[in-house]
Structure formats: structure tokens, C-alpha cells
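The values are calculated or read from the model by the stated rules, or taken from the named source; none is laboratory data. Computed from a predicted structure; not experimentally measured. We place every Cβ from the backbone using ideal geometry, glycine too, and count neighbours over all the protein chains shown.
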Amino acid sequence: MARLLIPKAREIQQRFASRVKEEDDFTLPPQLVCGLDVSYVGETAIGVAVLLRYKDMKKIDQAVVSCRVVIPYIPTYLSFREYPPLSLAFSSLKRAPDVCFVDAHGRSHPRRFGAACHFGVLRNVPTIGIAKRILCGKTQSSSQLSSSIIHKGEVVGAEITTKTRTNPIFVSVGHRITLETAINLTRHCITNYRLPEPTRQAHQLATEYRRELKSKDVEVGS
């Protein structure tokens, strides 16, 4: 497994964070949206992409890829580990989405460059970060169903409640989108579950494939 040089990785994050566009650089409403997630079996990464029709959340395509994990898990540097399988899965879709939902943080990151930003900037696609836990900052209530995430005096994302009696989710800008639009699109993609359908279905598919590999005890990505 390759060694991640932290000073270099930090410098890359700080440099590329300036390239993130926090503006709506695509046609609204989108026609196609994509959910992206990564799961692991040992030293194999499983990248998943699920393509959905925005208006009714109907799945029209999916892709599952696997590759060797070459970067160890290091908190706040997860994007270096997850970008390769995310990018491979994205490239395997038959059609390009208008917006991607990544199961990761975007701007709500100590250096404003989480995996959703990393993916969005390198692939140059509108991207939203959807996370299940807060990574940095504190929430400041702005409404009954939404709270801003404040870090070092800056709004870096939003905590939103999607269902009663469930934990909130954390939405942030990945690339080429405003936070307001990211929140609105996320809410549109909520159906009967806590998570928006793009990342929920991507996570479900990644989990199923991971279980299948584990049950077969198959070594992949070599």
C-alpha cells in the first residue's frame, strides 16, 4: 500500500479548494442525477454509480467496479483513497448525469475540499456532498428542518432533517452548485427514506456487492 505524504496531500487540498465553483453551472431542473459510493472488502475498493431520472427517481443505469486500494485510510484525506473507484464507476455509466450526489463531504471539510469536491473538480461535474455525520464546525439553527454548519465563521454546509424521528444528514457543495440548490435538489430526491435516493441506492448496491464478494471469498482488483 502506498504511503500518503500528508504535507503534499494537504497542499493539494488547499490549492484545489480554490477551484471549487459555488454557483449553479448547469440547467435546472436536472434531467439525470447520479449517486456515487465506495465500499471495501479487504484491500479491494468497490466503486458504485447509480443513474436516476430526476423527476421520478427511476433507475436507468448502474455501474459497479473494483480496484486495489493503494492509499490507507487517514481522516480528512479520504478523497485520495476514494477518488479512483468513484471515477472508474462514473466513467462506466452509459450516459452522463447533470448532477452527482457523492456519499461524502464537500465544502464541509477542514480544508474545504472533501471527497465530493475532489471528485467534482477533477471530473468537472456539478456535485453535491451527502454525509451521515458532521466532520467539522457546529450547527446553527436557521429553521425547524434545516441548520447551517458553521466552521471558522464560514457557512460550509447544512444539516437537514429529512424524516421525523431520524438523524439528520449533512449537505454541502461539491462543485458547480450553490448550497441552496444543493439543499433543494437533495430534498426533491428524498422519498420514503432518510437519505436521498441517489446515494441511498448507490450505498445499497455497494453493500450488496460487498456481501457477495465476502460470501464468495473472492479476491478482486489484482
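Any residue at all in region 122-133 that's part of a helix (DSSP H, G or I), surrounded by fewer than 23 Cβ atoms within 10 Å (Cβ to Cβ) and over 12 Å from the mean Cα position of the chain (by Cα)?
Checked region 122-133: at least one residue is part of a helix (DSSP H, G or I), surrounded by fewer than 23 Cβ atoms within 10 Å (Cβ to Cβ) and over 12 Å from the mean Cα position of the chain (by Cα).
I'd like the residue in region 19-38 that is part of a loop (DSSP other than H, G, I, E, B) and aliphatic (A, V, I, L, M) and, out of all such residues, is surrounded by the most Cβ atoms within 10 Å (Cβ to Cβ).
From region 19-38, those part of a loop (DSSP other than H, G, I, E, B) are 19-31; that's our starting set.
If we keep only those that are aliphatic (A, V, I, L, M) as well, we get 20, 28.
On the way: Val20: 21, Leu28: 12.
Applying the filter and picking the extreme gives Val20.
Which number in (1) part of a helix (DSSP H, G or I); (2) buried (at least 22 other Cβ atoms within 10 Å of the Cβ) marks the one condition that Lys214 misses?
With respect to (1) part of a helix (DSSP H, G or I); (2) buried (at least 22 other Cβ atoms within 10 Å of the Cβ), Lys214 is out only on (2).
Can we say Val41 is surrounded by 20 or more Cβ atoms within 10 Å (Cβ to Cβ), over 18 Å from the mean Cα position of the chain (by Cα) and under 24 Å from Leu195 (Cα atoms)? Show your work before the answer.
On the way: surrounded by 20 or more Cβ atoms within 10 Å (Cβ to Cβ): yes; over 18 Å from the mean Cα position of the chain (by Cα): yes; under 24 Å from Leu195 (Cα atoms): yes.
It is true that Val41 is surrounded by 20 or more Cβ atoms within 10 Å (Cβ to Cβ), over 18 Å from the mean Cα position of the chain (by Cα) and under 24 Å from Leu195 (Cα atoms).
I'm trying to understand the selection: among the residues of region 193-211, which are assigned to a helix (DSSP H, G or I) and either free of Cβ contacts under 8 Å to residues at least 40 places away in the same chain or of a type in the set (Gly, Ala, Ser) (or both)?
Scanning region 193-211 gives Ala202, Gln204, Ala206, Glu208, Arg211.
Would you please name the residue that is modelled with the lowest pLDDT, looking only at residues in region 164-180 that are in a loop (DSSP other than H, G, I, E, B) and among the polar types (S, T, N, Q)?
Thr164
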